[in-house]
Amino acid sequence: MDGWTAPVIERGSEPFVAPERQMLEGWLDWHRQTLLTKCAGLTPAQLKTASVEPSILTLLGLVRHMAEVERWWFRVFTGVSPDLEDIYCTPEQRDGDFENVADADAERDFATFIAETEEARAAVRGVDLDHIYRHPANGTEKNLRWIYVHMIEEYARHNGHADFLRERIDGVTGD
């Protein structure tokens, strides 16, 4: 990991005119890429920096959290892999994705994030947006369309956090 920095990625454009599925997938991918763009070029130490005190939030924590969220909504909730365990969180430490970054391997965590987004895409490829899933614990029903909208909202919120974190680390701002 010595000398590793978060990779610079090519962020595509979100779709302006497209069918609904393509629009939802395009916006979700754009937000996934935006999170990685906010991290690009930073060292592991910078990614682990809680730069907006007193919050413990870090860019690496956000990447880890979104890997967990991708896994849960697209593979566990949908029933594709219902028995998958959390990656970073435990019943004893529900916020392990955010809290346990000091000794984390940033390069490995970025690879995990990429793998989870690829698995998420595969899990719902070809599934109709109106397909209804039942929450494994409380039984509430949500369709795939709702999951896409929720994920876009989740990324949009956390990408706003990433803006503040990155600016405080090295002054870089972006759209």
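The values are calculated or read from the model by the stated rules, or taken from the named source; none is laboratory data. These figures come from a predicted structure and were not determined experimentally. Cβ placement follows ideal geometry from the backbone for every residue including glycine, while neighbour counts extend to all protein chains displayed. Remember, those area values only see protein heavy atoms, side chains included, never the ligands or the DNA or RNA. Shrake-Rupley method; radii C 1.70, N 1.55, O 1.52, S 1.80 Å.
For region 42-64, the set of residues classified as open to solvent by 30 Å² or more (accessible area, probe 1.4 Å) and either touching a Phe, Trp or Tyr at 6+ places or on another chain (Cβ under 8 Å) or not β-branched (Val, Ile, Thr) (or both) consists of THR43, ALA45, GLN46, LYS48, ALA50, VAL52, GLU53, PRO54, SER55, ILE56, LEU57, listed by residue number.
For region 11-32, enumerate the residues that are of a type in the set (Gly, Ala, Ser), at pLDDT below 95 and closer than 23 Å to ASP163 by Cβ. Talk me through it step by step, then tell me what you get.
Initially, region 11-32 is screened for residues of a type in the set (Gly, Ala, Ser), giving 12-13, 18, 26.
So of that shortlist, the ones also at pLDDT below 95 come out as 12-13, 18.
Those that are of a type in the set (Gly, Ala, Ser), at pLDDT below 95 and closer than 23 Å to ASP163 by Cβ: GLY12, SER13.
Within region 131-166, the set of residues being open to solvent by 90 Å² or more (accessible area, probe 1.4 Å), free of Cβ contacts under 8 Å to residues at least 40 places away in the same chain and part of a helix (DSSP H, G or I) comprises TRP146, ARG157. Evaluating ASP103 against the criteria (1) of a type in the set (D, E, K, R); (2) free of Cβ contacts under 8 Å to residues at least 40 places away in the same chain; (3) not in a loop (DSSP other than H, G, I, E, B) leaves one unmet condition, (3).
Does LEU24 satisfy being under 12 Å from the mean Cα position of the chain (by Cα), closer than 19 Å to TRP73 by Cα and not charged (D, E, K, R)? No.
Being open to solvent by 20 Å² or more (accessible area, probe 1.4 Å) and under 24 Å from THR34 (Cα atoms) is the filter here; which residues of region 70-88 pass it? Selection gives ARG71, TRP72, TRP73, ARG75, ASP86, ILE87, TYR88.
Return the pairs, sorted by first residue and then second, in which the second residue is open to solvent by less than 20 Å² (accessible area, probe 1.4 Å) and of a type in the set (Val, Ile, Thr), the first residue lies in region 59-80 and is closer than 17 Å to ALA162 by Cα and assigned to a helix (DSSP H, G or I), the beta carbons are less than 7 Å apart, and the residues are 6+ apart or on different chains. Short answer, once both residue conditions are applied: LEU60/VAL101; GLY61/VAL101.
Among the conditions (1) at pLDDT 95 or above; (2) open to solvent by 40 Å² or more (accessible area, probe 1.4 Å), PRO91 misses just one, which is (1). Starting from residues that are farther than 25 Å from VAL63 by Cβ and not charged (D, E, K, R), keep the ones in region 137-175 and report whichever is modelled with the lowest pLDDT. Filtering first and then ranking leaves ALA137.
Residues that are farther than 28 Å from GLU10 by Cβ and either surrounded by 14 or more Cβ atoms within 10 Å (Cβ to Cβ) or touching a strand residue (DSSP E or B) at 6+ places or on another chain (Cβ under 8 Å) (or both) do occur in region 123-130. Restricting the first member to region 21-44 and to residues that are at positive phi, and the second to residues that are of a type outside the set (Ser, Thr, Tyr) and open to solvent by 20 Å² or more (accessible area, probe 1.4 Å), the beta-carbon pairs closer than 9 Å and six or more apart or on different chains are GLY41/PRO7; GLY41/VAL8; GLY41/ASP170; GLY41/VAL172.
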